[in-house]
Amino acid sequence: MASFGLVSQVERDFVERGVDVGIRADGRARDDYRPPRVELGLVSQSDGSARCQLGDGTDVLVSVRCELGQADPAADDRGRLAVSVECSPSASQRFEGRGADDLNTELSEAVTRALTGPQSGLNLRQLCIVPGMHCWVLNIDAIVLNYGGNVVDALLIATRAALADTRVPRTVVQEMEDGAMDFEVDDDVENAQPLEHVHNVPLCVTANKIGAGYVLDATLTEELCASARLHVTVNSSGQVCAAQKSGDGAIEPSLLMAMLQAAKEQARRLLEQQDEQIRRHETEIAAKRARGEPVKRPSIFV
Amino acid sequence: MTTVTTAVGGVASFLLFFRAVCSLFIGATSFAMSRVELLNPEGLRVDGRRANELRKLSCKLSPLQHADGSAYIEQGNTKVLAVVYGPRETRHRAQVMHDRAYINVEYLVAPFSAGERKKRSKNDKRLLELALAVKQTFDSVVMTTLHPRSQIDIYLQVLQDDGGALQASINAATLALVDAGVPMVDYVCACTGGCVDSQALLDLNHIEESSAETPDLTVAILPRSGKVTLLQMTSRVHSDQFEQMLNLAMEGCRQVHAVLDSSVRDSMQQLADQMTHR
Amino acid sequence: MSSSAIVTPGQRLGREHQYRTGPGTYVRNSVIHASIVGTREIHSAAEEGELPTISVTRGREQTTLPQVDSIVTGKVLRVNPRFATVAIMAVGPTACRDEFQGIIRVQDVRATEKDKVKIYHCFRPGDVVRAQVISLGDARSYYLSTAQNELGVIFARSVAGVPMIPISWQEMQCTKTKTVELRKCAKPM
Amino acid sequence: MDRRRVQGPETSVVPFPLLDDAAPGVVAPPLQAGKRAGGRRPEDMRPIFLRTGLISQASGSAYIEMGRTKVACAVYGPRQIKKQQGFSEQGRLYCEFKFATFACKKRRNHQRDSQEKEFSQVIVQALTPSIRLEKLPKSVVDIYVTVVENDGTASCLAAAITAASTALADAGVEMIDLVAAASLAYQQRRPEGDAPTGENTREAGAADLVLAQMPSLGDVTHLLHRGPVDWAQMSRAVEQCIDVCAKIHAVMVHSLREHSAAEQ
């Protein structure tokens, strides 16, 4: 990310030689991923939310809100998703004012790419209320509170968790005498429905080419040293949903395949971990509900 | 046909608004649609507080490690993160002041922070005004003359707004400045006050704040000297009640000060413990 | 010329121990490749025991950029007490497609008595100068120097709008009005 | 009524029904077993027409046609970086990718939309590794790509990268290798080379891949893949694209040689 300024040649050499022999500054191996810390349901006024932290660096907060919208004439029996990512200046002074605009667009595009089209895995028909007229629009708003490298991965981890946490309000559709459709939104949160097929939503793993090798889950310094980057989006059935190179370098075909393979394997592990965490979270809440205890939302920082 | 469609649209958007308002205080079950009763005959408010009661206030110092100073405040459902960088070199040459530091405040509101989702541009005039209010508050409190030709950045991120985002921002900024080790003459503690049926209320929530007939007062004081550094009020109120409101709000500021001060002391104690144990 | 002698970028030309690399080529993993489309040329070594030089030359004129040490020709756009701004229009013998901006700073005008130089007594807007690139300069301009006998103003018009002829290394005379104007003149070659 | 614009008639008919496969009255020829529309086998690509130097004002230019995909590209520069972008030891590429307003089924706007901006960035990323930027300090090379006819977005992007690299070579920009790009659509669990529109939108679960490579050196300079596919399918598709890149490279070399020989 050029917006983070420069890295000295000495530092670059240090990182490159480290990668050559399989050592990284924070003691990880090349394929090691910082275990993501994910918390669900932090923002009370959202329909779903999650926060993901990678190591001490990257920290993103994602909220999902359902909003009524006009159906898209091209796909009138489906709802849609709208993604916006904002880098807070709390992460870096460079994000002040309009400084983050380019990066915001780039990150929003990256998340949108994974979540729109058939690869998102979501059942968008569930979001349709009156075909051709009204549908739910899932507004996915992300804030990058701290930028410590590998933000695209963190954004997708948090987004997937937030989607799992999302409850779509129930609607009751009635037909009026003149054939027009009317509907009411059920205000009871207890009746809201979870999204279908959230486990099909893919995750992204980014491999950074540094020197002649690659690393997964790069830190900020490593990202600055990377000549090329490969974002690989994989879903839980092991299918590659999207892949894109970015950065100004070239990748040898053998290394490309190795990077794809490593990213795919890592994505599988991340997906398993996250599915397990979501399941635990849900059973916990269900158990509390069954006992009649209040379900308290965790606080964001305190 | 067209008229029907628009009617449906109107109903839908109204319902959405209603849903949004509802979701703000899920705890409050009895909620009259027609007119909100801000103070019931027993003297309790919509969220069950008494007139002179603050919402639960909790705070945390340095939640973000990388910044020079940061603080997070939760006041009821209002949540604000403040981050301070500096004193550091000024970004733009025009901002250099040869005898003191320049305080730069950026006030950001998360699109999901309020009841209705709204994406605000960074140049939104209302946000700029709030940022200016915070800047002017701290201009007189931070000892800027100690750091000439430099800049202190205060970034405020409102994550959730259930009334009183400005007071929470000022309180969070105070903590973040303390955390960053920026010299100040005193804490700045802010609190809101209002007035319903000639009864002064402390610390307004979103429903009370947005109600048309409640005056809405934000006051920030230096608790030791009792000096007022910020005073903002909208709507109208009789001068007798104004004094009552102001006194209540200033009393609230002192309560806020106690919470902020104890959290600073706790966090410094923790830091000291860590250093001695090492 | 047969088209087989025309090479394209990336094409292997030989190994490093066979040739010395000339313009239009580069070495990667000790293999010489072509870097532009053009004709392959091999020049035999000038001295015994040296490798022949391999280069690729373009049929059409090569696009050129000013480089350090290259001699450029340009027109003075404006002057101020610290430097003269020059629009570089040709690098060596080749004309540039787009103009590049360069400056001749007051300390780079001549080699001696640098402290006595007054820009306005050396260059005026509209003069054509020959100069050498001494540095890539800053984001805006290349830094040029005229601190050699062969460098300096090569064409100038007098106040009357008539071409002038150099009469000394720092004076030029108008052919019509015979007035003498000050310039840092280039030595005729 | 808006008097500033010429109003078209309210209804219209296709002028040449035979040009449009989907027009009523035209029956698409039945597909032979294992063949695609146009009688191609899955791995076959469409014939390529590539010519350089068609835009005389530009430093270099190229025009490419692959079936109905038609892309023109012009390169200007290197010129000095004008804006206050700071000093840079290395040169930069700047690209503007634009669909002509009439290139697609739906009319495009004159302003570049987000897809066109993204493709511009992709082209820069795909070509940057091939350029010897250290030879172009403080300079920028401008690449303008116009899609005259769009017959599959993925194949347009691939054609644009190929054309842009040819145009850069034509402009005499020093580069370490040409860049050839191939596109491919996955269909019925089998990758098919060089996909036009009809083929990659037929299925809802359609997926496509664009791969750019420096064929002489072997390095991959860009990879853009969308849509869910299995790992085995994807790795086979990558290999197939690399094969196709070698074929496209031969065409690029041929056209550059011919143009260069004609000049001498």
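Using a Debye calculation, one point per C-alpha and no hydration shell, please list log10 I(q)/I(0) for the range A:38-169 at q = 0.16, 0.17, 0.19, 0.22 Å⁻¹ in order.
-0.78, -0.86, -1.03, -1.25
Would you kindly state the longest site-free stretch of chain C, with sites defined as GluC sites (Glu not before Pro) in a DSSP loop (not H, G, I, E, B) surrounded by at most 15 other Cβ atoms within 10 Å?
No qualifying site falls inside C:62-112, the longest such stretch.
What is the spread of the Cα atoms of chain B along each of their three principal axes, largest first, in whole Å?
66, 47, 43 Å, listed from the longest principal axis down.
Just to confirm the filter: which trypsin sites (Lys or Arg not before Pro) across the range C:113-175 are DSSP coil and have at most 16 other Cβ within 10 angstrom of their Cβ?
On the way: sites: C:K114, C:K116, C:K118, C:R130, C:R140, C:R157; in loops: C:K118, C:R140.
Listed in order of number, the matching sites are C:K118, C:R140.
Which of D:R68, B:R117 comes first, and how do the rest follow, when ranked by fewest Cβ neighbours within 10 Å?
D:R68, B:R117
Can you list the residues, at least 5 places off or on another chain, whose amide H is less than 5 Å from the amide H of B:Q160, using H built in the peptide plane?
B:K79
What are the residues whose amide H is under 5 Å from the amide H of C:F155, where those residues sit 5 or more places off or on another chain and H is modelled from the backbone?
C:V128
Give a quick list of GluC sites (Glu not before Pro) in the range D:64-116 that DSSP marks as loop, anything other than H, G, I, E or B, with at most 11 other Cβ atoms within 10 Å.
D:E89
On average over all directions, what projected area in square nanometres does the protein assembly as shown have, based on the convex hull of its Cα atoms?
Averaging across all directions leaves 57.4 nm² for the Cα convex hull.
Would you mind checking which residues have amide H under 5 Å from B:L230's amide H? H placed 1.01 Å from N; only 5 or more apart, or other chain.
B:A220
Which value, in Å to one decimal place, does the Kirkwood hydrodynamic radius take for the range A:9-290 when every pair of different Cα atoms is included?
Taking every pair of different Cα atoms in the range A:9-290, averaging 1/r and inverting gives 20.0 Å.
How far, in degrees from 0 to 90, does helix B:125-139 lean away from the longest principal axis of the Cα atoms of chain B, to the nearest 10?
For helix B:125-139, the angle is close to 40 degrees.
For the range A:149-174 and the range B:157-221, what is the separation of their Cα centres, given in Å?
The range A:149-174 and the range B:157-221 have Cα centres separated by 32 Å.
Which of the lysines could be linked to D:K117 by a straight reach, that is with a Cα gap under 20 Å, when you skip same-chain ones fewer than 8 residues away?
In chain and number order, the partners are A:K245, D:K70, D:K83, D:K98, D:K105, D:K106.
For a protection proxy built on the mean count of beta-carbon atoms within 10 angstrom, sort A:16-28, A:157-169, D:170-182 highest first, please.
Per-residue mean Cβ counts within 10 Å order the peptides as D:170-182, A:157-169, A:16-28.
Taking 8 Å as the Cα distance limit and 6 or more residues as the minimum spacing, I'd like the relative contact order of chain B as a percentage.
18 percent
Using a Förster distance of 35 angstrom, determine the FRET efficiency expected from the C-beta separation of A:D275 and D:A246, and round it to 0.05.
So, using R0 = 35 Å, E works out to roughly 0.25.
Using the Kyte-Doolittle scale, which helices in chain A average at least 1.6 and also have C-alpha atoms spread 24 Å or more along the helix axis, with helices defined as whole DSSP H runs? All intermediate terms of the calculation are to be shown ahead of the outcome.
Values: long enough: A:253-291 (56 Å, -0.90).
What comes out of the filter, once short or polar helices are dropped, is none.
Once you average over the residues of B:62-68, how many Cβ atoms of partner chains fall within 10 Å of each Cβ?
Values: counts 1, 6, 7, 5, 10, 4, 0.
That works out to 5 on average.
I'd like the Karplus ³J(HN,Hα) series for the range A:186-202: coefficients 6.51, -1.76, 1.60, θ = phi - 60°, whole numbers in Hz, and an x wherever there's a Gly or Pro.
6, 7, 6, 4, 5, 8, 5, 9, x, 6, 7, 6, 4, 5, 7, 5, x
In whole angstrom, note down how far apart the Cα centers of the range D:201-262 and the range A:202-233 are.
23 Å
Just rank D:C95, A:C204, fewest to most, by other beta-carbon atoms within 10 angstrom.
On the way: D:C95 25, A:C204 28.
Sorted ascending by nearby Cβ count, the order is D:C95, A:C204.
If the viscosity is 0.890 mPa s and the temperature 25 °C, what Stokes-Einstein diffusion coefficient in µm²/s follows for the range B:176-278 when Rh is the Kirkwood radius over Cα pairs? Don't skip to the end; give the middle numbers.
Values: Rh = 15.2 Å.
It comes out at roughly 162 µm²/s.
Too long at a 21 Å Cα-Cα cut-off: which of C:K114/C:K178; C:K114/C:K187; B:K56/B:K79; A:K296/B:K56?
Violating the 21 Å Cα-Cα cut-off are C:K114/C:K178.
Give a quick list of GluC sites (Glu not before Pro) in the range B:157-246 that DSSP marks as loop, anything other than H, G, I, E or B, with at most 14 other Cβ atoms within 10 Å.
B:E213
How do C:F123, D:F87 rank when sorted from fewest to most other Cβ atoms within 10 Å of their own Cβ?
D:F87, C:F123
What spacing in nm lies between the two simple spin-label points modelled at A:N191 and A:E177, each 7 Å away from Cα in the Cβ direction?
Here the answer is 2.5 nm between the modelled labels.
Any read-out appearing in this document is the output of simple, stated calculations on the displayed coordinates, not a laboratory observation. Keep in mind it's a predicted model, so treat the numbers as computed, not measured. Glycine also receives a Cβ, built like all others from the backbone with ideal geometry; neighbour counts cover every protein chain displayed.
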